[in-house]
1. Only helical DSSP H runs with n ≥ 4 go in: add -39500 (n - 2.57) per run for the chain, normalise by residue count and round the 222 nm mean residue ellipticity to 500 deg cm²/dmol.
2. From the phi angles alone, apply the Karplus equation (6.51, -1.76, 1.60; θ = phi - 60°) to the range 229-236 and give each ³J(HN,Hα) in whole Hz, x where the residue is Gly or Pro.
3. Show me the helices of the chain, taken as full DSSP H stretches, that run 27 Å or more along their long axis by Cα and average -0.5 or above in Kyte-Doolittle hydropathy.
4. Taking 0.36 nm per residue of separation and subtracting the Cα-Cα distance, what length does fully extending Arg171 through Glu203 add?
5. Hey, what's the per residue convex hull volume over the C-alpha atoms of the range 146-232, in cubic angstrom?
6. When the chain is treated as a GNM, springs tying every alpha-carbon pair under 10 Å, which of Cys11, Cys58, Cys186 comes out with the largest mean-square fluctuation?
7. Can you check what the net charge comes to around Gln41, using other residues whose Cβ is under 12 Å from the Cβ of Gln41 (Lys, Arg +1; Asp, Glu -1)?
8. So between Glu24 and Asp116, what do we pick up on full extension, going 0.36 nm a residue minus the alpha carbon distance?
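Computed from the coordinates by the stated procedures, all read-outs in this text should not be read as laboratory data. Nothing here was measured: the structure is a model prediction, and the numbers come from that model. Methodologically, a virtual Cβ is constructed for each residue, glycine included, from the backbone with ideal geometry; neighbour enumeration extends over all protein chains shown.
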Amino acid sequence: MITDRFLRDRCNVILTHEERSRLETTIVKVDTIPARTTIVQAGEKLHQSTLLVEGLMCRYIDDHEGRRQLVAFHVPGDFVDLHGYPLKFLDHDVATLTPVTAAIVPHGALDAINRDEPTLARKLWYATLLDGAIHRAWLFRLGRLDAVGRVAHLLSETNLRLVSAGLSDGREFTLALTQNDLAEICGLTNVHVNRVMRQLREEKLCAFRSFKVEIYDPAGLARRGEFDPGYLYMADHDVSGSDDRLRYAL
């Protein structure tokens, strides 16, 4: 199923086979989109939303000098702009970071789900709430962590999000981002990102080479990034809030 990765392994929500099948019927086409393509511009009237099937996408805002700040980063299984369904236009742009496969869902089909299938509609709402939780962690990362902590937090978060999508074994995964992408995500310069990655490697926490991330010490990387996975609402991870809150239960 195209929707197999959507809301997979999350706390308090399970999409039944019937619900996934129903969601599949809302997809009118599956597009292959090149890397570095803007697919939604801020202020554009929206009539559809995008479920990311393969590849990486982002949401971003440009400053007055055209410098981009990423405000969200999306992995396979994310409903990238589901919040555009009630809003009807966005205050930010949406773009691909890599070549992607994306399923297109018209808002009329979401109207029918809201009308006829309230349980499934609540699960779609859950996805937007999860997106909001990730945004709050993003603000914490940029506002309170040093450069090394920001990158450590991002890699810890991305690892678990890819675990949920079945694309990481908890210690190694593919991440087709450039050093410039990491800089835009973490609010750093390219030079600073290079120094941070060297420091993480020297501290034997992780390495990032040729689009491959290898995490040597998941718990140590989480501690360095003050990463508590609770906001990801993962079904199979310790998010109990105990004294060992940073424990990676992989």
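1. Details: 8 runs with 96 residues, N = 250.
That calculation yields -12000 deg cm²/dmol at 222 nm.
2. After applying 6.51 cos²θ - 1.76 cosθ + 1.60, I find x, x, 5, 7, 6, 7, 5, 10 Hz.
3. Details: long enough: 118-144 (39 Å, 0.07).
Helix filter hits for the chain: 118-144.
4. On the way: separation 32, 0.36 × 32 = 11.52 nm, distance 1.60 nm.
Result for the pair: 9.9 nm of gain on full extension.
5. 85
6. Cys11
7. -3
8. Numbers: separation 92, 0.36 × 92 = 33.12 nm, distance 1.55 nm.
Between Glu24 and Asp116, full extension yields 31.6 nm more.
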